[in-house]
Each structure stands twice: as structure tokens, then as C-alpha cells.
1. What residue, among those in segment 37-68 that are of a type in the set (Val, Ile, Thr) and closer than 24 Å to SER295 by Cβ, is surrounded by the fewest Cβ atoms within 10 Å (Cβ to Cβ)?
2. Select from segment 291-312 the residues that are free of Cβ contacts under 8 Å to residues at least 40 places away in the same chain and not in a helix (DSSP H, G or I) and list them in ascending order.
3. Please specify each residue of segment 302-325 satisfying the condition of being more than 24 Å from VAL281 (Cβ to Cβ) and out of contact with any Ser or Thr (no Cβ under 7 Å at 6 or more places or on another chain).
4. For segment 81-88, check the following and say yes or no: at least one residue is closer than 22 Å to ASP121 by Cβ, among the basic types (Lys, Arg) and free of Cβ contacts under 8 Å to residues at least 40 places away in the same chain.
5. Quick check on segment 337-359. Is at least one of its residues among the β-branched types (Val, Ile, Thr), at pLDDT 95 or above, assigned by TED's automatic domain parsing to the domain that holds ALA317 and in contact with a strand residue (DSSP E or B) (Cβ under 7 Å, 6 or more places away or on another chain)?
6. Enumerate the pairs (first residue in segment 338-350 and aromatic (Phe, Trp, Tyr); second residue anywhere and surrounded by 14 or more Cβ atoms within 10 Å (Cβ to Cβ)) with beta-carbon separation below 6 Å, excluding pairs fewer than 6 apart on the same chain, so at least 6 apart or on different chains.
7. Return the only residue of ALA68, ALA50, ALA44 being more than 30 Å from LEU200 (Cβ to Cβ), among the hydrophobic types (A, V, I, L, M, F, W, C), within 15 Å of the ligand (Cβ to nearest atom) and assigned to a loop (DSSP other than H, G, I, E, B).
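The values are calculated or read from the model by the stated rules, or taken from the named source; none is laboratory data. What you see is a predicted model, and the numbers here were worked out from it, not measured in a lab. For neighbour counting, all protein chains shown are included, and Cβ atoms are generated from backbone atoms with ideal geometry for every residue, glycine included.
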Amino acid sequence: MAQVTPRVAVIGAGIAGLSAAAKLSERCVVELFDMGGRGVGGRASSSRPAGETTPPLTFDHGCQLLTATDASFRARCATLERAGAIARWDARFGVLRARDGAFIAKADLPTKTSSDDRPPDFFGVLSSEDVFVGTPTMVGASDGLLSACSIARTTQRQRVCVTSLTRSAKTRSWRVMGVDVGRKRVDAKEAAAKMGERDLGSFDAVVVTDVMCATSGTPGSCALTFEGEDGDGDGSDSDGSDSVAAACWREMSALPPQSLFSLMIAFPTPLTGPPFDAAVVEDSDVVQFLSRDSSKPGRGRDDGVECWTAVSTEAFAREMVARAPLSVDGKYNPQTAEYLAQITPTMRDEVLRLLRGSCGGGTHGIGAGSVPAPVHVASQRWGNAFPSTPIASGGGGSGPGFAHDATRAFAACGDFVGGAGVERAWLSGTRAGEAVSEALLARGGRRASL
Ligand SMILES: Cc1cc2nc3c(=O)[nH]c(=O)nc-3n(C[C@H](O)[C@H](O)[C@H](O)COP(=O)(O)OP(=O)(O)OC[C@H]3O[C@@H](n4cnc5c(N)ncnc54)[C@H](O)[C@@H]3O)c2cc1C
């Protein structure tokens, strides 16, 4: 029987989706769907708030930096660096003590051997020799990963929300349905009901890269159905036990969201007082990481406006989300201007307090130094910022950091299964992509008659 190249749908064009697509497109035809309106990258992207400033302000409002420990990811970073997609961020890193404004430079921190005294790190910024950022913004890193996909075999579909995945046991294929969405995030079910789903095609395998897909009341909610199997359509095996795909989906839907907020704040002139460019913040109830975005390579502006970003603590986000939940009555609760007005002032005040306090090298006491009034302040909610504990990925054709049901040609990858951070999301996606293409090719590719 004639065989054609297998077709795979990848749901999500964040780091995991991009790396899965790159690996898959070596041997399969890939369609890469993402509902985002700002291009690829997911949480590794950047924000360009509307405003009067020319050129527009930009902030890495999600992922702040990349570090690499795994040899294959280090090699990928070297390629991205050569291509100009990322660059080394050689800056003044360290710990900022919120209680007295003291800044302890990275070089002066206790060594790894006395790790008990070592403050918490933020994605390796205090422990890695090489710290990278995307250029000209974090989107550069994601665009660089996109360019690793085979152009001939990859189709990118942006602003498309996948709303249902249905596997037919008879044809051994997946029917993928979705809706076209605008820039704003909306409830996926509501959008599907309003606009009607459209057929996005038939695929030999699907790779899901966002935990939101399995979670109701999110913009990415998606239905997963198994047709023509012995069970009741939920993907259980004939003996009633969960298949790898069904077990994975169930775990995804039960994973509690761990939310965070980020603050984007710009000052009219560069701040000369704070003796650092990025700091892990100790003892603040509100801010865990504070970074001078404009100190990243290539970010300086002729008008002198200086951009900073701050990442909230988990405790602060938990408290805010308890008051202003992610979903109400099972429906997505969008982050409107009114919603964010409950967050921005507290984060802004804490950032100003931290910056002022750091100006005198800790000797003035917190709140003492001078920092001009900001010219721009905004906040952003990340409903699922980092996974609290990644889901288990065992069984079937699963491997480290990804789940794979080889029988049903279903895989899940991303930080919710591989662990938080760009490096782990990349490894998860790459390994899942490899496992899926191996399995598809081992079963003889796709039958032309399907
Ligand atoms: C504030 C913040 C700071 C961070 N800082 C760092 C850092 O400094 N260093 C670091 O290494 N990591 C950092 N991280 C974590 C890092 O960004 C993530 O771990 C990583 O980017 C996750 O990539 P991913 O591909 O797994 O998921 P995502 O980036 O979330 O990608 C999933 C994609 O799927 C899409 N999607 C979901 N559902 C659907 C659907 N139904 N249809 C179509 N598309 C869909 C989404 O739009 C999204 O683009 C930070 C995260 C946050 C929030």
C-alpha cells in the first residue's frame, strides 16, 4: 500500500510546541496551531503596550532569561546565538534584600557547597555562568526556534484556538476542530458556540503542549474524544483501565494552576541609584524578581526611557486570584483593565519601594533613595505561570518529561509535564517530537487511502 508522509497537529507554539514541531518536521508534515495574537513563544514572549512613545516600549513580561545545563540545549543556544536570536546578558545579577535594601552581588553569594545559606535562585540566574536573552526581545528566541522547523513541511496557524480533538479507532486518525480568535483571550467554549467550530483537518497524531487544553474555564479548553474504542469514548482501554492518553488528560485537568503577575514599569531616565540589573528579591511579600529590561543587549533607547519588569511572588498572586479568580462559574474571567487595576498599584508601590531602598547600597534604609515617577505602568496575569508539580508522564511510549500514547498517537509535552523553564520545555518538546515521529514511521507512515 502506498505510504505518504505522516501529518501531525501540534497544539501550541510556545517553546515546547516549537521544539516538537522542529523535531517532527524532520520527517513529518506539521501544522502548528496557536491561539495567541502576538506571534509564537507563549510565555516566552514580550509585550509592546499601546501608547504614544516612539519607538514603542517593549518588555519581556513573561520569561525573563534563559540558562542551559543540558548539552543538547546548550548546543541549540549556541546555534541561536550565532543566528543573533539570543545574546548573552552580561549584567549585574544578585540578591536584593527587601528588608534593608542591601544588594548582594552574584559573585559574593555563598558558594554551592554551603547551599543551605544560598538564597533561592530564579531559573539559574544566580548559578549559571551564561545567562541569555532573546534579541531584540524574548520573541527573538522563539522566532529563532521557529526557524529550526522545516519550511517545506511546517504550516504555522496563528490565532486559531483548537477546541476539539477526536480520535477514530477505525481510521487511526485525529479530527482537529477549532475557532479563529482575535487578539483578546476569550473563553474557548463560548467562542466555539458563538462562531462555530471549523474543521482544521485530519492528522495521524496530535501533540498537546498546554495544560490549559484539558482545563475548563480557560481560553484554551479543548474536548478530547475517542471514537470506536471498546470503552465509553473517554480513551479507557477495554479492561476499563485508563489509557496513557486518558490518564494524562485527567492529570492535566486536575493540575492546580499556579498563577503569577508581572509588572511593566518605565522611567523617563535611566535609574543610576540601584546597583543592579536583575535581582532575586528576598523577603518581599509581593515581588520575587526585579529586572532592568533595558540592560538586556540591544534594548537601550535614544530617548533614555528605561524599562523594568517585576515578577510577583506566588503568595501575592494566590491572594489576588482568590479575590479575582481565573474563572467564574466555569467561565474564563478575562484580565480586563478593571481586573488589573486591583493588581497594578500594589506591585508598582512595592517596586518603587525596592528601587528607592536599594539606591543607598542598603545604608539609607528601605524607601530612602530617589527614583523618578514612572511614565508607564501596567501589569499582566499569567494564569498558569509555572507548574507547581509537573504531572507524571509514565506508560506507553512516554519518556523523560513527556507523555506519549503510541497506540493512539497522542503526546503531551511542555513545562506542565517536563518541569518549569525554557530549557525543560524545550527538552520536553524535542523528546516528544522525536518519540511521535519514530512511532508513526515505525507503523508505516500514513496510508494514502485515509
Ligand atoms: C512571569 C514569568 C516569568 C518566567 N521567567 C522565566 C525565566 O526567566 N526563565 C525560564 O527559563 N522560564 C521562565 N518562565 C517559565 C517559561 O516561560 C515557561 O516554562 C515556558 O515558556 C513554557 O513553555 P511551554 O511551551 O511549555 O508553554 P507555553 O509557553 O505556555 O505555550 C503553550 C502555547 O499553547 C497555546 N495554546 C494553549 N491552548 C491552545 C489551544 N486550545 N489552541 C491553540 N493554542 C493553544 C498558548 O497560546 C501558548 O502559546 C517564566 C514564566 C512566567 C509566566
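1. Residue satisfying both the conditions and the ranking: THR54.
2. Passing the criteria: GLY300, ASP302, GLY304.
3. Answer for segment 302-325, where residues must be more than 24 Å from VAL281 (Cβ to Cβ) and out of contact with any Ser or Thr (no Cβ under 7 Å at 6 or more places or on another chain): ASP302, ASP303, PRO325.
4. The answer is no; no qualifying residue exists.
5. yes
6. Sorted first by the residue in segment 338-350, then by its partner, the pairs are TYR339/ALA324.
7. Just one listed residue meets the conditions, ALA68.
Residue-wise test of (1) surrounded by fewer than 23 Cβ atoms within 10 Å (Cβ to Cβ); (2) outside the structural domain of ILE86 (by TED's automatic domain parsing); (3) not acidic (Asp, Glu).
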{"site": "ILE265", "(1), (2), (3)": "no, no, yes"}
{"site": "PRO268", "(1), (2), (3)": "yes, no, yes"}
{"site": "GLY273", "(1), (2), (3)": "yes, no, yes"}
{"site": "ALA278", "(1), (2), (3)": "no, no, yes"}
{"site": "GLU282", "(1), (2), (3)": "yes, no, no"}
{"site": "VAL286", "(1), (2), (3)": "no, no, yes"}
{"site": "LEU290", "(1), (2), (3)": "no, no, yes"}
{"site": "ASP293", "(1), (2), (3)": "no, no, no"}
{"site": "GLY300", "(1), (2), (3)": "yes, no, yes"}
